[in-house]
1. List the residue pairs whose Cβ atoms are under 8 Å apart, where the first residue sits in the range 84-105 and is touching a residue at least 60 places away in the same chain (Cβ under 8 Å) and more than 16 Å from residue 140 (Cα to Cα), the second is in a loop (DSSP other than H, G, I, E, B) and hydroxyl-bearing (Ser, Thr, Tyr), and the two are 6 or more positions apart or on different chains.
2. Give me the residue from the range 54-103 that is at pLDDT below 75 and in contact with a Leu (Cβ under 6 Å, 6 or more places away or on another chain) and, out of that set, farthest from residue 169 (Cα to Cα).
3. Does residue 142 satisfy the condition of being more than 15 Å from residue 80 (Cα to Cα), charged (D, E, K, R) and buried (at least 16 other Cβ atoms within 10 Å of the Cβ)?
4. Restricting to the range 160-173, name every residue that is on the phi < 0 side of the Ramachandran plot, part of a loop (DSSP other than H, G, I, E, B) and loosely packed, with under 12 Cβ neighbours inside 10 Å.
5. Select from the range 13-53 the residues that are under 30 Å from residue 105 (Cα atoms) and not aliphatic (A, V, I, L, M) and write down the one among them that is modelled with the lowest pLDDT.
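The values are calculated or read from the model by the stated rules, or taken from the named source; none is laboratory data. Just so you know, these numbers come straight off a predicted model, no measurement behind them. A quick note on method: Cβ atoms are made from the backbone with ideal geometry, for glycine too, and the neighbour counts reach across all protein chains shown.
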Amino acid sequence: MDDDLPQWAKDDLHRPRKSGKRGFFVGLMRWVVWTLVLTSFVWFLFFVYDLVGKNVQPLVYLAPERAEAAEVVDLEYETVVATITAYTSSVDETDDTPFITASGVSTGRGVIACPEKYKFGTKVEINDTLYTCEDRMNPRYRGQERFDIWVVTKNEAYKWGVRTLKVRVLAQM
């Protein structure tokens, strides 16, 4: 049977397979690469299934509500000096449902995380912009006057930084 094969094929048939350390490591690297590829694909499928399962709303962001002078004058309010930061819907900044606030509504412009002493739905005014308390601050900030404004991107949050400002807390709903 080997007689009708060309010489290059005969040489290939009789060439010993690579063995030893080099052959072992080549096989190991192939196995590692394929394992990583398949694992990444499975994680991607879980991620997509998780997003679809949570029925995440499309990323449509509305402009924040503006406080109107007549509305603010008519309401009772208290003014507090507070630390104001910004956060995004990133899992590293929130819990396992980053697009749902503690009150159960979706995140969006005009949402702010407030200390526990303020009820959900309470309106607060910062720099002439009206926000609604729909989320809670991390428990490590208990007892502090600290608010966290929701923003779209981490870049916006970094740009906001940490500010100490006067906050007008309007009559709680």
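1. From the range 84-105, the pairs are 88/153; 89/107.
2. Looking at the filtered set, the residue picked out is 65.
3. Details: more than 15 Å from residue 80 (Cα to Cα): yes; charged (D, E, K, R): yes; buried (at least 16 other Cβ atoms within 10 Å of the Cβ): no.
No; evaluated as a whole, the condition is false for this residue.
4. Narrowing the range 160-173 to residues on the phi < 0 side of the Ramachandran plot: 160, 162-173.
Okay, now just the ones that are also part of a loop (DSSP other than H, G, I, E, B), so 162, 171-173.
Those that are on the phi < 0 side of the Ramachandran plot, part of a loop (DSSP other than H, G, I, E, B) and loosely packed, with under 12 Cβ neighbours inside 10 Å: 162, 171, 173.
5. Among them, the one singled out is 53.
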